[in-house]
Amino acid sequence: MIVDSDKNILSHTLYSQIPEMQKFGGVVPELAARAHILAIDKIVKQALNDATLTLSDIDIIAGVAGPGLIGGVIVGWEFAMGLAQSTNKQLIAVNHLEAHALIPRLTNNIEFPYLLLLASGGHTQILIVRGARQYELLGETLDDSAGEAFDKAAKMLGLGYPGGPAIEEHAIGGDPSAYQFPRPLCNQDNCNFSFSGIKTAARTILNKEAEQINIKNFCASFQQSVIDCIINRLSNAIACTPEIKTLVIAGGVAANLAIRSAMEKLATDNDMKFAAPELKLCTDNGVMAAWAGIENYKIGNIMTEPVAPRPRWPL
Ligand code: KG4
Ligand code: ZN
């Protein structure tokens, strides 16, 4: 995946492990890391071919150094380091979360600062993005992430992995008030999330209703509870940041059209602009890493000493 500083995506090469992960109902870290090893050099060659470029045309190499499942991070980051060293090119250590946080700027033409909901399989946070490497955390999940809640609910229903797209699809046309899900923390004056209670409610409803369950109504009700929590928590964030005029969603969960449209309405109601990445740039991809590399390069944030791969790396 190759991007230039004029915001052109020269190639968007993606190797998805989803079909392999579906056999196991989720990500198996060791298998994912091995699949990375087998794929990575082919992906890089493919990205150059797709862009009709050679390595000598590339100015900067960006690699994700974390946070994430460490096996996959090690493979990607060590490869990026090796490639940069052997070609004598500048290397940028990209934070996976920052890549999600900055990608809306590639296609949406938005300026700093903005209020961001970063919702993925590993994280759910509300942040003020003031610039590359300038983040202020307003709130985050106290337990599961939003993506995890979707994945776990889908697993209970036997809808497979990843759960988010499956729940979203089944929710279409369902009755969002058919089943009672809680809205955790929604009476609290902060910007935190909690999704474990929604997950427990899903289990309780499924145990009680068993075969009688209406999957469409169940998915619509579950998704509505997540949306209500997001809107309630974001309303608190908006109330304490009146100077910020742009509301943004990023991370895998940003691919959910119902969540996007609820956030767009919230933005309109508060005289804010709304932005979300193109659908194919929401879930993990190399374009967002390349773009975060350019954003960091522009502010002179280049590597001066070796960076070790990191399973945890808060913004
Ligand atoms: O950002 P991402 O690709 O990987 C991580 O960094 O975790 O996010 C993956 C998560 C998964 O939990 C997946 O179920 C969720 O994003 N997701 C969705 C949708 N598409 C992906 N959640 C809700 N609705 C979707 N359409
Ligand atoms: Zn991600």
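The values are calculated or read from the model by the stated rules, or taken from the named source; none is laboratory data. These numbers were taken from a predicted model, which means no experiment stands behind them. Positions of Cβ are generated from backbone atoms using ideal geometry, with glycine treated the same way; all protein chains shown enter the neighbour counts. Surface accessibility is based on the protein's heavy atoms, side chains included, excluding ligands, DNA and RNA. Shrake-Rupley method; radii C 1.70, N 1.55, O 1.52, S 1.80 Å.
Under a Cβ-only charge scheme (Lys and Arg +1, Asp and Glu -1), can you give me the dipole magnitude of region 111-276 about the Cα centre, in debye to the nearest 20?
120 debye
Given Cα positions, please report Rg to Rh for region 134-206, the hydrodynamic radius being the Kirkwood one.
1.01
How many percent of DSSP beta bridges within the chain run antiparallel, rounded to 5?
That works out to approximately 50 percent antiparallel.
What percentage of all Cα-Cα pairs in the chain are separated by more than 25 Å? Don't skip to the answer; put the middle values down first.
Values: 25055 of 49455 pairs.
Summing the P(r) of the chain above 25 Å gives 51 percent of all pairs.
R0 = 30 Å: FRET efficiency of Thr304 with Ser5, Cβ-based, nearest 0.05? Walk me through the numbers before you get to the answer.
Values: r = 21 Å, r/R0 = 0.71.
E(calc), rounded to 0.05, equals 0.90.
Please work out the average accessible area per residue across the chain, using the 1.4 Å probe convention, and give it in Å².
Dividing the accessible area of the chain by its residue count gives 47 Å².
Where Lys and Arg each count +1 and Asp and Glu each count -1, what net charge lies around Tyr297 among other residues with Cβ under 15 Å from its Cβ?
Every neighbour counted, the sum reads 0.
Within region 1-58, what whole-number % of the accessible surface is contributed by carbon and sulfur, with the 1.4 Å probe and all protein chains included in the calculation?
58 percent
Please compute the net charge surrounding Gly72, taking Lys and Arg as +1 and Asp and Glu as -1 over other residues with Cβ under 14 Å from its Cβ. Display every interim value, and only then the final one.
Numbers: positive: Arg34, Arg310; negative: Glu20, Glu30, Glu78, Asp284.
Value of the local net charge: -2.
In terms of the Cα gyration tensor, with a ≥ b ≥ c the square roots of its eigenvalues, is region 63-172 rounded because a/c is under 1.5, prolate because a/b exceeds b/c, or oblate?
oblate
Pairs of Cα atoms under 8 Å, at least six residues apart: use those to get the relative contact order of the chain, whole percent.
Details: 593 pairs, mean separation 75.5, N = 315.
Result for the chain is 24 percent.
Of all DSSP beta bridges in region 1-139, what percent run antiparallel (nearest 5)? Could you put the intermediate results ahead of the total?
Working: 13 of 19 bridges.
Among the beta bridges of region 1-139, antiparallel pairing accounts for roughly 70 percent.
What does the charge dipole of the chain about its Cα centre add up to, to the nearest 20 debye, if the Cβ of each Lys and Arg holds +1 and the Cβ of each Asp and Glu holds -1?
Once rounded to the nearest 20, the dipole reads 260 debye.
Just to confirm the number: angle between the C-alpha axis of helix 196-209 and the first principal axis of the chain, 0 to 90 degrees, nearest 10?
Taking the Cα atoms of the chain, the angle to 196-209 is about 50 degrees.
Mind ordering 117-124, 16-23, 176-183, 88-95 by average Cβ neighbours within 10 Å, highest first?
117-124, 88-95, 176-183, 16-23
Number of Lys-Lys pairs in region 111-276 under 25 Å by Cα, sequence gap 8 or more or different chains?
Here the count comes out as 13.
What part of the accessible area of region 111-276, given as a whole %, is carbon or sulfur when the probe is 1.4 angstrom?
49 percent
Give the angle, between 0 and 90 degrees and rounded to the nearest 10, that separates the Cα long axis of helix 286-298 from the longest principal axis of the Cα atoms of the chain.
With rounding to tens, the tilt is 60 degrees.
DSSP beta bridges in region 111-276, what fraction antiparallel, as a percent rounded to 5?
That works out to approximately 60 percent antiparallel.
If the elastic network links every pair of Cα atoms under 10 Å, which of Val28, Val253, Val44 fluctuates the most in the Gaussian network model of the chain?
Val28
Once the other residues with Cβ under 14 Å from the Cβ of Ala220 are scored (Lys, Arg +1; Asp, Glu -1), what is the net sum?
-3
Of Leu38, Leu102, Leu159, which has the largest mean-square fluctuation in a 10 Å C-alpha GNM of the chain?
Among Leu38, Leu102, Leu159, the largest GNM mean-square fluctuation belongs to Leu38.
Going by accessible area, probe 1.4 Å, with all protein chains left in place, what is the ranking of Thr13, Thr283, largest first?
Largest to smallest exposure gives the sequence Thr283, Thr13.
Report the convex hull volume per residue for region 111-276, counting only C-alpha atoms, in Å³.
Enclosed volume per residue, from the Cα hull, is 102 Å³.
Relative contact order for region 111-276: what percent, with Cα pairs under 8 Å and sequence separation of 6 or more?
26 percent
Starting from the Cα-Cα distance between Leu142 and Ile70, subtract it from 0.36 nm times their residue separation and give me the gain in nm to one decimal.
Taking Leu142 through Ile70 to full extension adds about 23.7 nm, to one decimal.
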